[in-house]
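Written out below as structure tokens is the structure these notes cover.
Every number here is computed from the coordinates shown, using simple stated rules; none is lab data. Being a predicted model, the structure only gives us computed values, none of them experimental. Ideal geometry is used to build each Cβ from the backbone, glycine not excepted, and the neighbour counts take in all protein chains shown.
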């Protein structure tokens, strides 16, 4: 897709200044009719769409508009990140319009937001082609991973060091056989199970000659519970379990209670996310905690940088956020 037309393109082709384009498009004084008509014709021919940021400047407003695609309002990981993004956006004078990708899908959510906002932020697993067509030239900031897409920027999570540190710490606590519960539905566009990056990192880091005990389940408390039962039946020697996310790890703790397996005495359970609800389970959930405030701040850093260039298409801006181990009592 061609790069988004900017006010600078209109000004150059019309042979006027950027300020003159602003006056013409907003019917302001200080411009003659002939120049105004020429600017309007060039703007229409190029398909120029003034950004909401630009319009807000003209109206002397201090707010700009960001579109936030929330993958699931049922998964607290996404809602907690949404909360952090809302707080951070408000502190930087950004308005936020939210859309969910649960029903109509990610591409539909991006397409709807692209007509209302200056930039779209969210978790995206849809194909590059679909998002590219849906964004209509509006820049997109992808959370949790890096994607080499034109017009796409990212704030990635580097969980590998956290997984490596967790394995080392669990062994230091006496674990001899570490298993994992993976997600079987983290990539919706695939009908068959595809091992997650977290599983691939785990299997590489567990070390040569150590057969990895891994099962996969649905990303829910119930899914984690069922997967834990399956893991313990297939691999009763397992004495520590790394779980794909905290929601599933809470289910694993519940299943351990049902099976009369002591946590952490018999099996240590460690989640990934750092959800606040992990403190409500007994014993409180240990986790590889993602700094959601930092994730939101880095995303708004990207958004502010794009606003500074009037949302013109630029080279991809990328940031990385790393986790920390949060030891409670389950591991």
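Couple of notes before you dig in:
- The smallest convex shape that holds all Cα atoms of the range 160-289, its convex hull, gives 102 Å³ per residue.
- Helix 292-308 and the longest principal axis of the Cα set of the chain meet at an angle near 20°.
- Kirkwood Rh and Cα Rg combined as Rg/Rh, the chain: 1.11
- Cβ-based exposure ranking for 94, 125, in which fewest neighbours within 10 Å come first: 125, 94
- Sorting the segments 287-294, 319-326 by their residues' average number of neighbouring beta-carbon atoms within 10 angstrom, most packed first, yields 287-294, 319-326.
- Antiparallel content of DSSP bridges confined to the chain, in %, to 5: 5
- Ellipsoid semi-axes in whole angstrom, largest first, where each is sqrt(5λ) of the Cα gyration tensor of the range 7-50: 14, 10, 10
- Helix-only [θ]222 nm of the chain, DSSP H runs n ≥ 4, -39500 (n - 2.57) each, per residue, nearest 500: -12500 deg cm²/dmol
- Ascending count of other beta-carbon atoms within 10 Å, so fewest first, for 311, 73, 244: 73, 311, 244
- Burial ordering of 193, 48, fewest other beta-carbon atoms within 10 Å first: 193, 48
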